[in-house]
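Take a look at the structure set out below.
Any read-out appearing in this document is the output of simple, stated calculations on the displayed coordinates, not a laboratory observation. What you see is a predicted model; the values in this text were computed from it and never measured. Positions of Cβ are generated from backbone atoms using ideal geometry, with glycine treated the same way; all protein chains shown enter the neighbour counts.
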């Protein structure tokens, strides 16, 4: 089953997380998008990373298409480092189509 990669982007357009969806970007309805529609692939310990770094590491290119969400979707997670557990949350305000 094919998965489509996209970027979930922060409100300030500085950080992103990689999202995977079973629907292509063109079939997403911005009024019905929920966090559960996507698999959230965190790129570092707190679930987000700089957009340019993420795109360079994964060889992504923006298509110019994006969806601005009426209501942000939030991802939660945790990570551990040297025996300490860290909780994090990340708000996605835009979803960008990538090649």
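What does a probe at residue 1 reach in the stretch 21-36, counting residues whose amide N is under 19 Å from the point 7 Å along Cα→Cβ?
21-29, 33-36
Determine, from the Cβ-Cβ distance of residue 63 and residue 41 and an R0 of 25 Å, the FRET efficiency 1/(1 + (r/R0)^6), rounded to the nearest 0.05.
Calculated value: 0.85.
Before rounding to the nearest 500, sum -39500 (n - 2.57) across all DSSP H runs of length at least 4 in the chain and divide by the residue total; then give [θ] at 222 nm in deg cm²/dmol.
-2000 deg cm²/dmol
Take every Cα-Cα pair in the chain and report what % of them are more than 16 Å apart.
53
For a footprinting-style exposure proxy, rank 27, 55 by other Cβ within 10 Å, fewest first.
Listing 27, 55 from fewest to most nearby Cβ atoms yields 27, 55.
In what sequence, highest mean first, do 31-37, 15-21 appear when ranked by Cβ atoms within 10 angstrom?
15-21, 31-37
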